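Reviewing the structure listed below.
The values are calculated or read from the model by the stated rules, or taken from the named source; none is laboratory data. As the structure is a prediction and not an experimental result, all values here were calculated from the model. Neighbour counts are summed over all protein chains in view; Cβ atoms, including those assigned to glycine, are modelled from backbone coordinates with ideal geometry. Surface accessibility is based on the protein's heavy atoms, side chains included, excluding ligands, DNA and RNA. Shrake-Rupley method; radii C 1.70, N 1.55, O 1.52, S 1.80 Å.
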Amino acid sequence: MKTAVVKRHDIANAPVMRIDASFQLSEGVSVRRIIADCPYPVVKCGDVMERIWHAGRWKRVYVNNPKTGIPLVGSSAMLKSDLSDIKLISRKYTEDMADKMLHPGWILVSCSGTIGNTVFTNTGHAGKLASQDVLRLKPKDILGGGYLYAYLSSKYGYAMLTQGTFGAVIQHIEPANVSTIPVPVFPEEMQKEIDQLIRDAASLRDKAAEFFDKAKYILQESIGVTFDKTNGYRTASISIKDIRSSLKMRLDPPVFVNDGVEMLERISDKTQPLKECNVTLSYPGMFKRSYVRDGYPYMKGSDVFDVNPFAHCEYLSKTRTPNLDQLWLRDGLILISCAGACGLIKLITKEYEDKQAIGSPDIIRLKSNDALFTSEYLYTYLSLPSSYDYMQSLKYGAVIERFDVQNIETVPIFIPTKELSATITGIIREYKDCLYRAFCKEEKAISMVETEIESWDKNKHNK
């Protein structure tokens with residue numbers, strides 16, 4: 001139990017006049033006191049932002065055609081490292097798109113549901129719209145945008161972002177809550193270093209995206225068959241022989257009437273099943289989880305696809321977690337989501353190994369043991385739209401859709417030449433290196449902010 005005596009003066013001068021214990025005993029209130037005693041000037045967040053706003057609610061018309069639609073980034077999608085597969089809304093029926101459009105160098109804050117997650121926008125966000133669940137912070141030229149992002153992303157910034165939430169069922173924050181957050185003005189040299197680290201991280205992620213797109217383009221060109229995704233209703237005739245030879249003798253139409261299936265059938269003489277590519281496929285299975293404050297970072301199935309899944313992750317006990325050998329997330333391991341949103345692909349990079357992270361048991365692991373079908377090659381191939389579409393034909397389940405190792409090992413893999421495999425592998429290794437360096441730079445910047453603030457609090461208690 002936590003207790004405290006709150007003075008009337010403190011309530012009257014708070015950003016919002018609230019008397020509930022959840023507010024007055026929150027970490028955010030304690031952090032504000034620490035910032036108030038800092039040795040540097042303090043400004044309000046709203047004073048260093050050109051604008052803080054969200055788009056408000058509007059009618060959305062969803063479409064499937066990229067020519068008529070524009071990507072819409074929500075509070076969950078904004079955290080993802082890959083924004084290539086998000087929902088599209090109609091350009092024609094969306095009003096005031098300019099005010100909803102994202103630009104590089106802004107700070108995004110989730111403001112509904114899950115509160116306080118932050119993103120520093122890069123060119124991957126440019127040209128996309130943000131939903132009403134995303135606050136946009138457009139920095140002025142007073143303090144660097146990277147510096148402000150690092151501060152708001154720190155544990156101190158996060159505590160203040162989540163302090164002013166309201167709502168009985170779904171939590172919210174508004175621009176007014178964020179604008180009152182106190183921001184310490186660090187010495188100029190420190191500010192510049194932190195700001196540059198964040199901007200370098202954003203540039204590295206842009207570069208990584210270029211490498212990834214290049215690898216997919218080269219592979220798609222080498223396959224030589226264009227993948228065309230059709231929309232609407234389709235019909236087809238399937239023979240009893242095809243049904244009997246199918247996996248588990250399925251009768252449901254998506255198994256056969258599927259664009260990915262049809263494309264891979266056209267190049268069937270150039271493919272072989274994944275299980276014949278000298279790989280190890282595993283599925284750890286469920287177990288009882290013991291959550292602790294200081295343990296192994298636990299990556300859930302949805303979190304692992306975030307730009308920084310360690311920001312607010314949970315931790316599992318180092319002594320009470322079984323089957324650790326099956327759960328470690330090692331550099332080069334491929335993860336395939338197999339429940340709910342099936343067929344999402346993640347290539348593990350070195351930061352997961354550095355952090356001793358363990359992954360959700362409810363996700364398929366793929367490890368390459370082959371010099372031709374390398375992890376980098378398989379990751380690129382399985383990330384192609386045709387591969388994703390094919391994997392959708394393997395799903396089963398009436399409520400929560402899923403597939404298992406037996407399904408995935410049947411996926412046809414295009415057989416590359418040694419030269420093609422080496423080219424793709426080299427490009428994806430550059431991609432991995434960029435992502436790892438971006439993570440390290442961002443983590444260093446946030447750590448610098450937290451270390452500096454901790455030094456004030458430590459010195460105060462030592463006096």
Limited to the stretch 326-351, what total is found for residues that are over 22 Å from residue 388 (Cα atoms), of a type outside the set (Asp, Glu) and open to solvent by 30 Å² or more (accessible area, probe 1.4 Å)?
4
If I filter the stretch 358-389 down to residues being of a type in the set (D, E, K, R), open to solvent by less than 30 Å² (accessible area, probe 1.4 Å) and over 14 Å from residue 260 (Cβ atoms), which single residue comes out as modelled with the lowest pLDDT?
365
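From the list 115, 86, 142, exactly one residue is farther than 30 Å from residue 385 by Cβ, part of a loop (DSSP other than H, G, I, E, B) and open to solvent by 20 Å² or more (accessible area, probe 1.4 Å). Which is it? Step through it out loud before you land on a result.
Details: 115 fails: open to solvent by 20 Å² or more (accessible area, probe 1.4 Å); 86 fails: farther than 30 Å from residue 385 by Cβ.
When all the criteria are applied, what remains is 142.
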How many of the residues making up the stretch 265-288 are part of a loop (DSSP other than H, G, I, E, B) and either surrounded by 15 or more Cβ atoms within 10 Å (Cβ to Cβ) or hydrophobic (A, V, I, L, M, F, W, C) (or both)?
6
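Got a sec? Which of 72, 79 is crowded, with 16+ Cβ neighbours inside 10 Å and farther than 20 Å from residue 145 by Cα? Quick ask: steps written out before the conclusion?
Details: 79 fails: farther than 20 Å from residue 145 by Cα.
Criteria check complete, one pass: 72.
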One residue is enough: does the stretch 297-314 have a residue meeting the conditions assigned to a helix (DSSP H, G or I) and open to solvent by 70 Å² or more (accessible area, probe 1.4 Å)?
no
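Those residues that are part of a loop (DSSP other than H, G, I, E, B) and open to solvent by less than 60 Å² (accessible area, probe 1.4 Å), I need them from the stretch 390-440; list them, please. Quick ask: steps written out before the conclusion?
Residues of the stretch 390-440 part of a loop (DSSP other than H, G, I, E, B): 393-395, 397-401, 403-404, 409-411, 415-417.
Within the stretch 390-440, 393, 394, 395, 397, 403, 404, 409, 410, 411, 416 qualify.
Hey, among 55, 36, which residue is modelled with pLDDT under 85 and open to solvent by 50 Å² or more (accessible area, probe 1.4 Å)?
Numbers: 55 fails: open to solvent by 50 Å² or more (accessible area, probe 1.4 Å).
Exactly one residue qualifies, and that residue is 36.
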Pairs, first within 19 Å of residue 381 (Cβ to Cβ) in the stretch 193-220, second surrounded by 18 or more Cβ atoms within 10 Å (Cβ to Cβ) and among the basic types (Lys, Arg), C-beta under 7 Å, six or more apart
none
